[in-house]
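Worksheet for the structure shown next.
The values are calculated or read from the model by the stated rules, or taken from the named source; none is laboratory data. Not measured: the values here are computed from a predicted model. For neighbour counting, all protein chains shown are included, and Cβ atoms are generated from backbone atoms with ideal geometry for every residue, glycine included.
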Amino acid sequence: MVSSKAKPKSKSSAKARKRGRGPHASWKGQVRCGLVSFGVQAFNASAPERGEFHFHQLHAGCHQRIRHEKVCPVHGEASQSDIVSGFGYAPGKYVEIDPEEIEAVRSEGERALTIEAFIKPDQLDPLYYDGRAYYLLPDGETAGEGYAVLREAMLRQKADGFGKVLFSGRDQLVRLRVADRLLLMAMLSYSAERKKSDEWSGLSRHARPAAKSVKLAEELVHSMIARDFDFEAYKDDYRERMKELIDAKRAGREIVAPEAEEEPATNGTASWRP
């Protein structure tokens, strides 16, 4: 009988376990731009858990969590293993679709982030950003050179990439730009998914404003132009007040509403009435 001894675990692996595995990649794939191609991992650039308070529904009498059960009208309560995905093609008619079948209809090229054009920073209206953004990091040692080449070329040309990627089960338009020496993939909405301003044009018709009022407004705008704008200086005051409220409730302290702030006085030179 042959016996084998387990290899001693290295200190580095023990430290890695102690630190944890780190952030989880939301997506892995290729970035393709002409002859340049390299693997990347996408990490969510947002940290909503740092700015949101999540409230649960409780029973008023006993404070137990309200549960939302998944129920089949024929078989009753359903476990997660009983649930599949399906597409409704007629009222009450569905065709079951497996995740593997969805992946099978996509080629490797379609799974890549393909850069189709480069644009200047002011060529795309912010209206089309959908709020999601992901930092892209090289996936493996061999991806580092291609990653750096594309990053430096974009910086020198002061241009952002515009392309498409299969992400979260759909074809997604993206904008690729450089942020703090990293590639940042911002997700975009298709034009058809955004309402155009002309849908409200009939509700926003106003007479031509008086020249004097426009001049006063112009002076106000000029006086408020930030010469050294610091976005980092803006903090989430509401979050801090919510934390104080929760801490006070847990400690059984009385909750005192903050005093209303006084409106700044106007001198007539930087204000106007519509």
message: Within the stretch 132-155, does at least one residue satisfy the condition of being touching a Lys or Arg at 6+ places or on another chain (Cβ under 8 Å) and basic (Lys, Arg)?
response: yes
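Determine, yes or no, whether GLY29 is at pLDDT 85 or above, touching a helix residue (DSSP H, G or I) at 6+ places or on another chain (Cβ under 6 Å) and under 30 Å from THR114 (Cα atoms). Steps first, answer last, please.
Values: at pLDDT 85 or above: yes; touching a helix residue (DSSP H, G or I) at 6+ places or on another chain (Cβ under 6 Å): yes; under 30 Å from THR114 (Cα atoms): yes.
So GLY29 fits the description; yes.
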- request: Find all pairs meeting these conditions: Cβ atoms under 7 angstrom apart; at least six residues apart or on different chains; first residue within the stretch 222-246 and closer than 15 Å to VAL256 by Cα; second residue surrounded by 10 or more Cβ atoms within 10 Å (Cβ to Cβ).
  value: MET242/PHE53
- request: Search the stretch 193-214 for residues being part of a loop (DSSP other than H, G, I, E, B) and surrounded by fewer than 11 Cβ atoms within 10 Å (Cβ to Cβ), and hand back the single one that is modelled with the lowest pLDDT.
  value: SER204
- request: Consider only pairs whose beta carbons are under 6 Å apart and that are at least six residues apart or on different chains; among these, list those whose first residue lies in the stretch 59-82 and is loosely packed, with under 10 Cβ neighbours inside 10 Å and whose second residue is part of a loop (DSSP other than H, G, I, E, B).
  value: ARG65/HIS56; ILE66/GLN57; GLU77/GLU69
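Restricting to the stretch 215-232, count the residues that are part of a helix (DSSP H, G or I), modelled with pLDDT under 90 and of a type outside the set (Phe, Trp, Tyr).
1
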message: Condition first: modelled with pLDDT of 95 or more and more than 14 Å from LEU176 (Cβ to Cβ). Now tell me which residues in the stretch 115-137 satisfy that.
response: none
- prompt: Which members of the stretch 157-174 meet the condition of being out of contact with any Phe, Trp or Tyr (no Cβ under 6 Å at 6 or more places or on another chain) and either surrounded by fewer than 19 Cβ atoms within 10 Å (Cβ to Cβ) or of a type in the set (D, E, K, R) (or both)?
  reply: GLN157, LYS158, ASP160, PHE162, LYS164, SER168, GLY169, ARG170, ASP171
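Out of curiosity, is LEU182 modelled with pLDDT of 95 or more and more than 15 Å from GLN30 (Cα to Cα)?
yes
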Only listed residue being of a type in the set (Phe, Trp, Tyr), within 23 Å of ARG111 (Cβ to Cβ) and surrounded by fewer than 14 Cβ atoms within 10 Å (Cβ to Cβ), chosen from TYR238, TYR190: TYR190
